[in-house]
Structure formats: structure tokens, C-alpha cells
Amino acid sequence: MVIDLRTCAVIGGRGFVGRWLVLRLLQLGDWIVRIADSAPSLRLDPSEDNSLLVEALSTGRASYFQVDVRDKSQIIKAIEGSSVVFYVETTTSITHDFYVCYTLIVRGAKNVINACRECKVKQLIYNSSADVVFDGLHDIHNGDESLPYAGKFLLPLNAIPFAPGFMCSVVKFADMLSDLKAQAEALVLLANDADGLLTCALRPSNVFGPGDTEIIPFLVNQAKSGLAKFIIGSDENMSDFTYVENVAHALICAEAALGSRLVSVSGKAFFITNLEPVKFSEFASIILEGLGYQRPMIKLPARLVQYIVLVVRWMYAKMHSQRFNYSAPVHNVLRLALCTTTFSCSSAQKHIGYLPVISLEEGFTLSVESFSHLARDSSFARQVNSDEYSKVEKLLGGGKGRTCTHYKILSVELSNDSILVPYNGSVCFDT
């Protein structure tokens, strides 16, 4: 039987989610896949030797194109002849420069849309983020698609006691990437039905898995430095995490539904999760213990951590450095620890037929196996120093009640930098 192959393009096809999407498309067997990314040439990882991708490249079922999304002509060259375009942004090119980020994310989205219209592409599916509706301050419990875009994206650092003369202006922090991502998503959805182009967007929450470049590597780095042993705040906040293969599966579900020209799908956005909300400390514990590190056990008052971050940000500002301002892993972990952000997938289940293909438990196992090169020596045996734990707990009051502590110096390691923050005085925190 002759299979009628369809052609699609995956912009960002060598990124974290993009690689899994390309693999899943090739596994389906009815796609010719054009892989577009910013690297000059396709470099395969050792794990990809003798893979389905290598076979597809040799037979012509897959091809690679270098694309800078700021150049529409490059996009046109990559997607020409495709009926479907998956736009899966990567963060590898993100810098601290607002203008560069704007041109990559927002102007890049405009160029992709216009290129799709010129090339008569039928469907454009954009991989967005659940963060576009989160303002950084207020909890979201089982949020659905009726939530508006967040008017301001703020790091939850307000209502914190300051040392005399401290710059209160550093309290407000605009999450630039979430803001720009929201703008890009809105552009894609507004382009629906323009020149016959149908569009939709997916909003996965906290994507993790093999190939993760943010959450798991950050946790391991913190574990190596000894900082991952701390639980920030009450440890009652819940979060949705999404295994990366489920995101790839959801993108393909969206393509199928969009291809059916469903009014309930075109021009719409859908939240994607694993349908299994967990505490962030539980997520971190499973990953870290699986790799041989100590699980988080010592509670730190949330306001203490917030205060330290504010001091560090103020010091960076004094040094005229923007490096900390856009350190995504630091802010993401604070958000996960301090706020509840869970989302309903009922709309995705109903309209695009999405259900996770990999459970959260299986996702944990696969993730730990894939990051075995970052594991601590097995002789560590996941031991917990109970003496150290009890002393720190006693000092901090176990995270309960009112903690008053005299601090002379604070040592902080953030964004791969170690900073000593001097502060001489007593700080009280209600926890």
C-alpha cells in the first residue's frame, strides 16, 4: 500500500520540545519533516546515532534548514511546500537584551505568520506556555482558557521588610519572556483564518524530561552547591508539570483537530499538563533522590528567601549588571515554591482529544535515567545529615510561627555566581 506522505516544518526542531516532536512525527510514518533551527548545520548527539532521524535524513523523509526567525526569507525557504508548520520556540538564543528577545520572540512570530500566509500553509500550531496567564503573584487553581493574559508579570517579591535605605524600586520585576511569549501567542491566534491559514496554540506547564535544559539541570546544580536541601515557604503550593513527550503528542493532536477545521480549535489556545498536580518539593525530591542527592528537608521562611533575592538583585543593579534580571531558572523555582499554579486540561481533552501518553511516575523514571551522567556517586546512598538538619531547623524555627534571626552575612549562589550579601541586623519573618 502506498502511503501519501504530507510535508510539515518544525521551526525550533532542534530544541527541547522540537526534538521530541520531530521524532514522534517520524514514528507516525506519514510525514516528510523539515527541521528548521538556528544552527548552521545539523549536529547529531551521540544518542541519535543509528536513530530514526538518521534513517529519515538518508532517505529524504527529513531535511534540515538553518533559519533565523528574524529573516522571513529564510523561513520561506524552510517551509515552502509544507501544509503544516509547528512553531516550537527555543530559549538557546535568548539573551539579556530586551530588543534581541523582542525580535526573536515577537517579531519572529510575525515573520512566521507572514511566511505561512505567503506559502499558503494550511495550519500553524504554536507551542506557547501556561505562564502567559500567570502574573507571578496570585495563585491559579485549576485555571482554564477563560483566564486573560496577565496584565503584568511580576516576581512574587512584594510586602517584604527592607533594611533602611534599601531601594524599594527593585520590588517590581517584569518577567520579560512571559510577556513577549504572550504577545507572540496573541499574534498567532489573531492570524487565524487569514489567507486560509488556521492557527491554534498550546500552553504546556513546566515541561521536563530527557533533554531538559532548565528545571532538572538547575535542581542538580543547586543540589551540588547544597542549596537544594531547602524547602521554601509552607510547602503547600501545587504545580502542574508536563512530560516532554506528552507535549509533542499534544501538538500532533492539535494538528489533527485543526485539520478537521473545527471551530472549537481554530484560533484557540489550550492548556497542556500531565493531569497530576504535585508539590514542587515532591517533584524536586523524586528527581534529586533518583540521582543520588539529598531531598529537600529544611524549611526556610518564604520572606527570607525573597529578601535575599531582592538584595542580590539590588547589588546587580548597583554593578550595572542585568544578568540576574533574566535568570529564568531562579525565578521559575521561586514561582513554583511560592505560588500554586494548576490548570485544567478539560478543553484540550474535549476539543483536540489530548490525554497524556506518559504518566508522571514514568516521566520521572525516564528523566532520571536520561540524566544519569549528572548523578552523584552511588556511595552517597542518599544519606541525610540529621544533626545538620536539626541545628538549622532549630535556628529557623522549623518554618513555623515567628522566626527572628540575627544575620551578619548572607552567602547566596544564584545564576552560577556566588555573592556575599552583608546585612547586620535582626529580621523577623511570619511564616
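The values are calculated or read from the model by the stated rules, or taken from the named source; none is laboratory data. Note that the structure is a prediction, hence the values are computed from the model and not measured. Every residue, glycine as well, gets a Cβ built from its backbone with ideal geometry; the counts of neighbours run over all protein chains shown.
Given the condition touching a residue at least 12 places away in the same chain (Cβ under 8 Å), buried (at least 17 other Cβ atoms within 10 Å of the Cβ) and under 20 Å from residue 62 (Cβ atoms), answer yes or no: does some residue in segment 131-144 qualify? Taking every residue of segment 131-144 in turn, none turns out to be touching a residue at least 12 places away in the same chain (Cβ under 8 Å), buried (at least 17 other Cβ atoms within 10 Å of the Cβ) and under 20 Å from residue 62 (Cβ atoms). Only one of the numbered conditions (1) closer than 23 Å to residue 241 by Cα; (2) part of a loop (DSSP other than H, G, I, E, B); (3) at pLDDT 65 or above is not met by residue 184, and that is (2).
Among the residues of segment 217-266, those identified as touching a Cys at 6+ places or on another chain (Cβ under 7 Å) and either in a strand (DSSP E or B) or modelled with pLDDT of 95 or more (or both) are 254, 258, 265, 266.
Only one of these conditions is not met by residue 36: (1) in contact (Cβ under 8 Å) with a residue 40 or more places away in the chain; (2) assigned to a loop (DSSP other than H, G, I, E, B). Which number is it? It fails just one condition, (2). Residue by residue through segment 114-140, note down the ones that are small (Gly, Ala, Ser) and over 21 Å from the mean Cα position of the chain (by Cα). If the condition is that a residue be small (Gly, Ala, Ser) and over 21 Å from the mean Cα position of the chain (by Cα), then 115 is the only one that fits.
Taking the criterion of being modelled with pLDDT of 90 or more and either aromatic (Phe, Trp, Tyr) or within 26 Å of the chain's Cα centre (by Cα) (or both), the only residue of segment 46-59 that qualifies is 53. I'd like to check something: does segment 84-106 contain any residue that is closer than 22 Å to residue 199 by Cα and out of contact with any helix residue (DSSP H, G or I) (no Cβ under 9 Å at 6 or more places or on another chain)? Yes, that holds for at least one residue. As a summary of the residue check, residue 36 satisfies the conditions (1) crowded, with 18+ Cβ neighbours inside 10 Å; (2) farther than 16 Å from residue 12 by Cβ except for the one numbered (2). So, in segment 272-314, of the ones that are touching a Ser or Thr at 6+ places or on another chain (Cβ under 9 Å), small (Gly, Ala, Ser) and modelled with pLDDT of 85 or more, which residue ends up nearest to residue 367 (Cα to Cα)? Here the answer is 290.
Take the conditions closer than 17 Å to residue 181 by Cα, in contact (Cβ under 8 Å) with a residue 12 or more places away in the chain and surrounded by fewer than 17 Cβ atoms within 10 Å (Cβ to Cβ) and apply them to residue 87. Does it pass? For residue 87, the condition - closer than 17 Å to residue 181 by Cα, in contact (Cβ under 8 Å) with a residue 12 or more places away in the chain and surrounded by fewer than 17 Cβ atoms within 10 Å (Cβ to Cβ) - is not met.
Residue-wise test of (1) exposed (fewer than 14 other Cβ atoms within 10 Å of the Cβ); (2) part of a loop (DSSP other than H, G, I, E, B).
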{"site": "7", "(1), (2)": "no, no"}
{"site": "13", "(1), (2)": "no, yes"}
{"site": "26", "(1), (2)": "no, no"}
{"site": "44", "(1), (2)": "yes, yes"}
{"site": "47", "(1), (2)": "yes, no"}
{"site": "58", "(1), (2)": "yes, no"}
{"site": "63", "(1), (2)": "no, no"}
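For the condition under 19 Å from the mean Cα position of the chain (by Cα) and at pLDDT below 95, residue 143 does not qualify.
Selection of segment 205-216 for residues being among the acidic types (Asp, Glu) and at pLDDT 90 or above yields only 212. Taking the criterion of being surrounded by fewer than 21 Cβ atoms within 10 Å (Cβ to Cβ) and among the β-branched types (Val, Ile, Thr), the residues of segment 253-287 that qualify are 263, 278, 286.
Within segment 194-209, the presence of a residue that is out of contact with any Phe, Trp or Tyr (no Cβ under 8 Å at 6 or more places or on another chain), part of a helix (DSSP H, G or I) and not aromatic (Phe, Trp, Tyr) is excluded. Looking across segment 113-140, just one residue is at pLDDT below 95 and at positive phi, and that is 136.
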